[in-house]
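Participant: This is the structure, below, for whatever I ask next.
The values are calculated or read from the model by the stated rules, or taken from the named source; none is laboratory data. Everything numeric in this text was worked out from a predicted model, so none of it was measured. We place every Cβ from the backbone using ideal geometry, glycine too, and count neighbours over all the protein chains shown.
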Amino acid sequence: MNDITRAILAWHEITARDLPWRGERDPYRVYVSEIMLQQTRTATVKRYYAPFLAAFPDPLALAQASEDAVNKMWEGLGYYSRARNLQRAMKMVMEDMGGRFPDTRESLLALPGCGEYVSGAVASIAFGQRELALDGNGIRVLCRILGEERDTGDKQVRRALAEYGESLLPQEGAGEFNQALMGMGNLVCLPKKALCGECPAAPWCRGYARGIALKLPVKAKRPEKKAEGRAVAVVVENGRVWVRKRTEKLLCGLYEFVNLPVPQGESGTDVLARAGIPAESLVPLGEYEHVFTHKIWRMEGYAARGHWDAPAGYERMDREALTAAAMPSAMNPFRRAAEEML
Ligand code: SF4
């Protein structure tokens, strides 16, 4: 084991945080934690992990659950395609793999939604294999240690970082090392702060030595998010509210109120009137913004009571059904209004 690896592991042993999934070796439970942790803060995942596992304690339970039940347990965690893929993956484990959890990086990669990072994390943490798992934190840490100033979006650069990371892996305990790298990214080598004085890799770190740590990693600028106008209406008819289960790729399978795109130059009330919800019955609920990875919804909200000739795909829910329905957080302000109206 080389000196930097030894220093990182020793630091990890002292600083490792007490997280609900720490020390977990069961592949299903490790898999769930790693899928939840993708693009989501640890503090948020901590709230979801135990209830999710209580509802779906093993691959069979998740494979057999209804889509609505899974979405409800995932409600608010975001990136809902993860939940869909997680369930599809467990169906695959149960139906095509005889209930045996895949135990190599290659076989894990066959599961829907399982990429390089998750396969490496599960293979190393649950199965003790010498595999690297590099998430955004790990990439930042390695980039700074190497003083890598090229664009990390470039495949060659990613390959070089992975090769360097692999060279640091200990023969035994790769899972601990992977978690240590993530820990460094969370505790000392932060995106906008580098606490190099407390970092175990400082003696080897070129980013620190050259005083360029905070300029790294270099990432090509993402295209600006597109803003999209939306007209949202909470339409209550005879004590029940009109909702629709989304079929679009974005937020597929989740419920929403009337939520229609507003073309440029038009107003939300025009759009709702065209959908048969008369403008004179609308009460404004305010304007809200919801930011996704690639776009922003600018939503004007309205409440309305009375009969509506809803198009196909809509259904009416009473208060109880609405509480049980999984909705994206973009609908939160309108959900509160709906609950008050029911
Ligand atoms: S020494 Fe500083 S820049 Fe280098 S890995 Fe540690 S915290 Fe990050």
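Participant: Working carefully through the options 211, 197, 175, find the one that is closer than 22 Å to residue 117 by Cβ, assigned by TED's automatic domain parsing to the domain that holds residue 31 and either more than 8 Å from the ligand (Cβ to nearest atom) or in a loop (DSSP other than H, G, I, E, B) (or both).
Facilitator: 175
Participant: Evaluate the stretch 152-161: report whether one residue or more is surrounded by fewer than 23 Cβ atoms within 10 Å (Cβ to Cβ), within 12 Å of the ligand (Cβ to nearest atom) and on the phi < 0 side of the Ramachandran plot.
Facilitator: no
Participant: Specify which of the listed residues (185, 165) is within 11 Å of the ligand (Cβ to nearest atom), over 28 Å from residue 328 (Cα atoms) and in a helix (DSSP H, G or I).
Facilitator: One residue alone meets the criteria, 185.
Participant: Now for a different question. Of the conditions (1) assigned to a helix (DSSP H, G or I); (2) farther than 23 Å from residue 112 by Cα; (3) not aliphatic (A, V, I, L, M), residue 34 clears all except one; give me its number.
Facilitator: With respect to (1) assigned to a helix (DSSP H, G or I); (2) farther than 23 Å from residue 112 by Cα; (3) not aliphatic (A, V, I, L, M), residue 34 is out only on (2).
Participant: Failed condition for residue 186, given (1) at pLDDT below 95; (2) over 30 Å from residue 25 (Cβ atoms); (3) assigned by TED's automatic domain parsing to the domain that holds residue 140, with all others met?
Facilitator: (2)
Participant: Within the set of pairs 6+ apart or on separate chains, which have a first residue in the stretch 121-147 that is in the same structural domain as residue 41 (by TED's automatic domain parsing), a second that is small (Gly, Ala, Ser) and within 10 Å of the ligand (Cβ to nearest atom), and C-beta atoms under 6 Å apart?
Facilitator: Pairs that qualify, where the first residue is in the same structural domain as residue 41 (by TED's automatic domain parsing) and the partner is small (Gly, Ala, Ser) and within 10 Å of the ligand (Cβ to nearest atom), are 137/185; 140/185; 141/185; 144/207; 144/213; 145/201; 147/207.
Participant: For the stretch 71-124, enumerate the residues that are of a type in the set (Asp, Glu), assigned to a loop (DSSP other than H, G, I, E, B) and more than 19 Å from residue 46 (Cβ to Cβ).
Facilitator: 103
Participant: Look through the stretch 134-148, keep the residues that are away from the ligand (no atom under 13 Å from the Cβ) and outside any helix (DSSP H, G or I), and return whichever of them is nearest to the chain's Cα centre (by Cα).
Facilitator: Applying the filter and picking the extreme gives 135.
Participant: Which members of the stretch 171-208 meet the condition of being aliphatic (A, V, I, L, M) and exposed (fewer than 14 other Cβ atoms within 10 Å of the Cβ)?
Facilitator: Hit for the stretch 171-208 is 195, nothing else.
Participant: Quick one: count up the residues across the stretch 238-249 that are surrounded by 15 or more Cβ atoms within 10 Å (Cβ to Cβ) and either in a loop (DSSP other than H, G, I, E, B) or on the phi > 0 side of the Ramachandran plot (or both).
Facilitator: Here the count works out to 1.
Participant: Quick one: which residue in 110, 65, 89, 55 is within 21 Å of residue 21 (Cβ to Cβ), surrounded by fewer than 16 Cβ atoms within 10 Å (Cβ to Cβ) and small (Gly, Ala, Ser)?
Facilitator: 55
Participant: Starting from the stretch 319-342, take each residue that is of a type in the set (Ser, Thr, Tyr) and list its partners that are at pLDDT 95 or above and not in a helix (DSSP H, G or I), counting only C-beta distances under 7 angstrom and pairs at least six apart or across chains.
Facilitator: Here the result reads none, with nothing in the stretch 319-342 linked to a residue that is at pLDDT 95 or above and not in a helix (DSSP H, G or I).
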